[in-house]
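The values are calculated or read from the model by the stated rules, or taken from the named source; none is laboratory data. Quick caveat, the model's predicted, so the values are computed rather than measured. Here the Cβ positions follow ideal geometry from the backbone for every residue, glycine too, while neighbour counts run over all protein chains shown. Each accessible area value is taken on the protein alone, full model and side chains, heavy atoms only, with ligands, DNA and RNA left out. Shrake-Rupley method; radii C 1.70, N 1.55, O 1.52, S 1.80 Å.
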Amino acid sequence: MPVKCCFYRSPPSEAMAWSENMDTLLANQAGLDAFKTFLKSEFSEENVEFWLACEDFKKTESAEKIASKAKMIYSEFIEADAPKEINLDFSTKDLISKNIAEPTLKCFDEAQKLIYSLMAKDSFPRFLKSEIYKKLVHSQQVENHKKWLPFL
């Protein structure tokens, strides 16, 4: 199923810069949107959604919100048969399960590192080979040429 890349508005070389590393991609809203669209097309967006939830969680300041956000992340991504269950090894899941009663801002760090590594080794290289990414880079190259050659 073709995916339209019409919502991306970014400078001409930006999409090409995303290929440097996954941090560059995730730090850029247009890059993140493109990556999420790609993952949705592969029915695997739960990894980036978990990673983003952890990034948001680490910014939480009140103890009450830490507890409620931790429980939400746990029920959405970690527990068995969670709606967006991520693929974690038993020991990581077990550690989180034990720590969830009294969560800290670091309680998902190990799982987040594992999911980041999985995305970096698997999803990110596939994204760079995807039609979504290729079309985006091509459209930005065309835009760049139009700026330099306005008579085209």
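Here are the numbers for the structure shown:
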| quantity | calculated |
| --- | --- |
| Formal net charge of residues neighbouring A111 (Cβ-Cβ distance under 14 Å; K, R +1; D, E -1) | -4 |
| Kirkwood Rh (inverse of mean 1/r, distinct Cα pairs), segment 23-141, angstrom | 15.2 Å |
| Net lengthening on full extension, L114/K129 (0.36 nm per residue, minus Cα-Cα) | 3.1 nm |
| Size of electric dipole in segment 23-141: Cβ of Lys, Arg +1 and of Asp, Glu -1, about Cα centre, debye, nearest 20 | 380 debye |
| Spatially proximal aspartates and glutamates relative to K106 (Cα-Cα < 14 Å; intrachain offsets below 8 disregarded) | E55, D56, E61 |
| Cross-link table K36/K135; K36/K93; K58/K98; K40/K65; K65/K98, entries beyond 21 Å C-alpha to C-alpha | K36/K93; K40/K65 |
| For E64, solvent-accessible area (1.4 Å; no DNA, RNA or ligand), Å² | 150 Å² |
